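Please read through the structure below; I'll follow up with questions.
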Amino acid sequence: MPSPSSDPSLEPSRPRAIVFPTIGPKLFAELRAAHPSRIVLQVPAGLVRNSHELVARLREETGVPVVLAARACFGACDLPSRDEAPRADVAVVLGHAPIPNVPLVRPTYFVEMRESGGDPEALAATVVEGGVPKRLGLVVSIQHLDLVEPLREALARRGYEVRVGTGDRRLAYPGQALGCNYTGAEAVEAEVDAFLFVGTGRFHPLGLALAVARPVWSLDPLQNVLEPAIDRANLIRRRQLLVASVRDARRWGILVSTFVGQDRTPMALTLQERARSRGREAEILTFDRLDPRDLEGRGLDAYVNTACPRIALDDSPNYPKPLLTPPEFLMAIGDLPLMPYRFDTYH
């Protein structure tokens with residue numbers, strides 16, 4: 001007979017994720033059925049302008065108070081904490097899918113904001129005209145996941161062999177891109193000659209280009225515009241120069257986020273031991289949302305960031321001292337070679 005502590009039926013139930021493609025009657029009906037006393041709404045930067053109107057609509061549809069999480073939202077890894085919305089018993093999160101291995105502090109309604117725009121046949125024709133290789137891996141942002149199968153079929157009719165990879169436990173869907181995790185692409189890297197990212201902006205394709213050793217094209221499905229392949233060699237060269245600049249750094253700060261979806265304290269402790277074994281000093285600094293001003297005036301030579309990898313990769317020039325990812329840090333202290341370059345995948 002199992003002990004009480006090992007009996008799944010006796011374990012407290014975890015708050016669940018409820019997923020909706022768009023805002024609409026089904027979302028409002030589910031919220032009313034949950035009988036919340038207060039709702040916290042979180043929106044990404046691109047939807048802030050309309051967020052107050054949405055707060056009013058949620059309040060009208062549910063009849064309960066709605067508060068708006070004001071800080072910047074980077075993804076499903078930094079959902080509103082209990083301290084940020086202490087009296088909210090449910091959350092509504094726009095523009096993101098749940099991250100399966102990130103625990104929730106309250107029932108959370110993810111509205112993925114799926115976008116139905118984009119003609120698969122026209123998009124496929126643009127890919128052909130752009131000279132994109134025929135053995136192709138397909139990666140998409142969450143908003144355009146509904147295009148995966150229609151676009152794959154349209155490309156197949158034009159002689160393409162399209163692969164859509166399934167990632168690790170951090171990804172909710174095959175073909176999905178997260179800024180910290182491209183394991184779906186890595187799963188099919190050996191089977192393709194290039195990758196096509198379908199979505200808007202440069203954030204995801206730049207991360208993809210660092211994660212896979214294949215050319216990466218990006219296709220805006222709303223404008224039907226194909227961007228040239230990203231210069232991966234130049235991206236890596238810039239990171240290697242940064243790594244080389246701190247090879248003699250003696251005093252390191254190891255940054256750890258308290259966001260539940262970004263906290264890699266065990267990794268930070270391991271890096272601290274690796275640094276000390278190489279005769280370096282290393283201190284751990286904790287934060288929730290990192291601000292470059294928090295690192296000013298400290299007697300440290302460089303930093304390694306264990307929170308979102310994109311802080312170091314995209315925002316490094318904003319910081320007062322060099323800021324590396326964990327694999328880059330191991331390169332700097334001599335525990336890893338400079339090549340092959342290793343993307344800091346958050347599992």
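What are the ³J(HN,Hα) couplings of segment 32-41, residue after residue, when phi is run through the Karplus curve with 6.51, -1.76, 1.60 and θ = phi - 60°? Round to Hz, x for glycine and proline.
4, 5, 6, 6, x, 8, 7, 10, 10, 10
Tell me, what is the Rg over Rh of segment 297-347, with Rh the Kirkwood radius over Cα pairs?
Numbers: Rg = 11.1 Å, Rh = 11.5 Å.
A ratio of 0.97.
Counting only residues 5 or more places away or on other chains, whose amide H sits under 5 Å from the amide H of residue 18 once H atoms are built in the peptide plane?
108, 109, 110
Would you pull out the residues with amide H under 5 Å of residue 68's amide H, same chain only if 5 or more places away, H placed 1.01 Å from N?
Under 5 Å from the amide H of residue 68 lie the amide H atoms of 41, each far enough along the sequence or on another chain.
What are the ³J(HN,Hα) couplings of segment 198-204, residue after residue, when phi is run through the Karplus curve with 6.51, -1.76, 1.60 and θ = phi - 60°? Round to Hz, x for glycine and proline.
In residue order, the calculated couplings are 10, x, 10, x, 9, 4, 5 Hz.
For the chain, compute Rg over Rh where Rg is the Cα radius of gyration and Rh is the Kirkwood radius from the inverse mean 1/r over Cα pairs.
Details: Rg = 21.9 Å, Rh = 22.0 Å.
Value, to two decimals: 1.00.
Can you show me the helix-derived [θ] at 222 nm for the chain, built from DSSP H runs with n ≥ 4 at -39,500 (n - 2.57) apiece and divided by the number of residues, rounded to the nearest 500. Let's see the in-between values first.
Details: 10 runs with 97 residues, N = 347.
So the helix-based figure for the chain works out to -8000 deg cm²/dmol.
Follow-up question, since we're still on this one. Using θ = phi - 60° and the Karplus form 6.51 cos²θ - 1.76 cosθ + 1.60, what ³J(HN,Hα) does each residue of segment 95-100 get, whole Hz, x for Gly and Pro?
Once θ is set to phi - 60°, the couplings for segment 95-100 become x, 9, 9, x, 9, x Hz.
Can I get the semi-axes of segment 197-347's equivalent ellipsoid? Compute them from the C-alpha gyration tensor as square roots of 5 times the eigenvalues, in angstrom, largest first.
Details: eigenvalues 167, 60, 37 Å².
Over the Cα atoms of segment 197-347, the semi-axes work out to 29, 17, 14 Å.
In terms of the Cα gyration tensor, with a ≥ b ≥ c the square roots of its eigenvalues, is segment 120-230 rounded because a/c is under 1.5, prolate because a/b exceeds b/c, or oblate? Each step should come with its number before you reach the end.
Details: a/c = 1.39, a/b = 1.34, b/c = 1.04.
Note, shape of segment 120-230 comes out rounded.
Whose amide H sits under 5 Å from the amide H of residue 90, counting only residues 5 or more places off or on another chain, with H placed in the peptide plane?
Correct list: 38, 40.
Give me the Kirkwood hydrodynamic radius of segment 229-303 in Å, from all C-alpha pairs, to one decimal place?
With all distinct Cα pairs of segment 229-303 included, I get 14.1 Å.
With the crude spin-label approximation of a point 7 Å out along Cα→Cβ, what separation in nm comes out for residue 29 versus residue 128?
Calculated label separation equals 4.2 nm.
While we're on this one: For the chain, set up a GNM with springs between Cα atoms under 10 Å and report which of 292, 133, 309 has the largest fluctuation.
Of 292, 133, 309, the most mobile in the Gaussian network model is 292.
Next question. Counting DSSP beta bridges in segment 92-234, what percent are antiparallel, to the nearest 5?
Numbers: 4 of 20 bridges.
So the antiparallel bridges in segment 92-234 amount to around 20 percent.
Any read-out appearing in this document is the output of simple, stated calculations on the displayed coordinates, not a laboratory observation. What you are looking at is a predicted structure, and each value in this text was computed from that prediction instead of being measured. For neighbour counting, all protein chains shown are included, and Cβ atoms are generated from backbone atoms with ideal geometry for every residue, glycine included.
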